[in-house]
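Below is one structure, written out as structure tokens; comments come after it.
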Amino acid sequence: MAPDGKTRLPLAGNHPDGTHLRTALNLAAAGVPVLPLRHGKVPFGNCRACADTACGGRPNMKRAGTCQCLAPCHAWAAATTDPDVITSPEWTAAWRHAVAVAYHPGGAGLTVVDLDTPAAVAWAGETLPATRTVPTTRGEHWIYRGAMRSSNGVRPGVDIKSLMNYARWLGPGTGGMTVLPSVVRDLVVREDTTPAAGRVVSSVSARATWNPSVATGCRHTERFVRTGLERGLALVRARTESGAGSQAFGVARFLAMQHTQCPGPCGLDAIGEEIVSAAVSVGVPEAYARRAVTNGVETAGERAA
Ligand SMILES: [Zn+2]
Ligand SMILES: [Zn+2]
Ligand SMILES: [Zn+2]
């Protein structure tokens, strides 16, 4: 079912003549659910009826919805192996503007370890069992047989893309495909988001909070830093159902990136503590939250610490 060595699949090109569509149909025939990516290499936005998931979402999303939309709405959840859907008028219109083909690794029983930097590739070479690899712009995809939960930033430059996620199709790659090893599964600590009933919250939130006195080398105003931080914390706290750990990673990376041009220090440690605290308050285990935040800051570049 998965892309295998015998299938000679065309590399995705930029032809407006249906190259992406042909690639997509080949993948679908091999049992790999596909979706088009638009400019920016992101999924097409939802149609008006599905905006903000007003339709309730696709049946295969985390919260099962009833959406039967014919357009490629709902990102990875739209991925399909059905050639009738892939060649429908709605999808044909999308393929015409597509810049790449993506696939839903989890839906094909696969896990993609997305290595974004040469350092991440080097780490994989020393740590992970050899498997099918596909070169990417700055790194490699390592593809294993077996699905797991997806997670961004499990290490600097390393994302796990499998269930409820998509990866760019960049060709079949080379090498035999290995069964998903525990060393990869262990990269994703189970993100238990059962609210922790105030138990751990106090232990973290009593710690450092950001204030200008810890940011003597920051070129931003207090108001700028504080506004950005509050916005980020609100995003994390809103993730009461799932994804607070990933959100914490994203917020930490985003906020740290604002300070890469500062001479420093900018009080990033204190900012990190506040993000950890927000994640813990919605049930993320502290160790997991801390690692997500550290990875986020490291991914942004360490110049402003
Ligand atoms: Zn729709
Ligand atoms: Zn919908
Ligand atoms: Zn700064």
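Odds and ends about this structure:
- Tally of residues being assigned to a helix (DSSP H, G or I) and of a type outside the set (D, E, K, R) across the stretch 261-305: 22
- The stretch 24-45 residues that are in the same structural domain as residue 147 (by TED's automatic domain parsing), paired with ones that are open to solvent by 50 Å² or more (accessible area, probe 1.4 Å) and part of a loop (DSSP other than H, G, I, E, B) (beta carbon under 9 Å, 6 or more apart): none
- Matching residues in the stretch 47-67 - criterion: being open to solvent by 70 Å² or more (accessible area, probe 1.4 Å) and near ligand 1 (Cβ under 9 Å from one of its atoms): 48, 49
- When residue 213 is tested against (1) outside any loop (DSSP other than H, G, I, E, B); (2) crowded, with 16+ Cβ neighbours inside 10 Å, only condition (2) is not met.
- Restricting attention to the stretch 135-194, the residues being among the hydrophobic types (A, V, I, L, M, F, W, C), in contact with a strand residue (DSSP E or B) (Cβ under 7 Å, 6 or more places away or on another chain) and in a strand (DSSP E or B) number 7.
- A count restricted to the stretch 70-85 and to residues that are surrounded by fewer than 16 Cβ atoms within 10 Å (Cβ to Cβ) and more than 19 Å from residue 23 (Cα to Cα) stands at 1.
- Selection status of residue 284, surrounded by 24 or more Cβ atoms within 10 Å (Cβ to Cβ) and at pLDDT 90 or above: no
- Hits in the stretch 89-103 (condition: more than 18 Å from the chain's Cα centre (by Cα) and either among the aromatic types (Phe, Trp, Tyr) or open to solvent by 20 Å² or more (accessible area, probe 1.4 Å) (or both)): 89, 90, 91, 92, 93, 95, 96, 97, 99
- Flag: residue 22 matches the condition of being over 19 Å from the mean Cα position of the chain (by Cα) and either in a loop (DSSP other than H, G, I, E, B) or surrounded by fewer than 21 Cβ atoms within 10 Å (Cβ to Cβ) (or both).
- When residues of the stretch 224-279 are limited to those that are in contact (Cβ under 8 Å) with a residue 24 or more places away in the chain and among the basic types (Lys, Arg), the one most open to solvent (accessible area, probe 1.4 Å): 237
- The stretch 287-305: number of residues that are farther than 18 Å from residue 235 by Cα, without any contact (Cβ under 8 Å) to a residue 60 or more places away in the chain and open to solvent by 50 Å² or more (accessible area, probe 1.4 Å): 3
- Residues located in the stretch 45-70, provided they are more than 9 Å from ligand 2 (Cβ to nearest atom), modelled with pLDDT under 85 and assigned to a loop (DSSP other than H, G, I, E, B): 59, 60, 61, 62, 63, 64
- Enumeration of residues in the stretch 104-120 that are under 17 Å from residue 152 (Cβ atoms) and crowded, with 18+ Cβ neighbours inside 10 Å: 104, 105, 106, 111, 112, 113, 114, 115, 116, 120
- When the residues of the stretch 31-44 are filtered to those that are open to solvent by 20 Å² or more (accessible area, probe 1.4 Å) and in a loop (DSSP other than H, G, I, E, B), the one that is nearest to ligand 1 (Cβ to nearest atom) is 44.
The values are calculated or read from the model by the stated rules, or taken from the named source; none is laboratory data. Predicted, not measured: the structure shown is a model, and the values here were computed from it. FYI the Cβ positions are ideal-geometry reconstructions off the backbone, even for glycines, and counts take in every protein chain you see. Please note that ligands, DNA and RNA were not included when accessible areas were found on the heavy atoms of the full protein model with its side chains. Shrake-Rupley method; radii C 1.70, N 1.55, O 1.52, S 1.80 Å.
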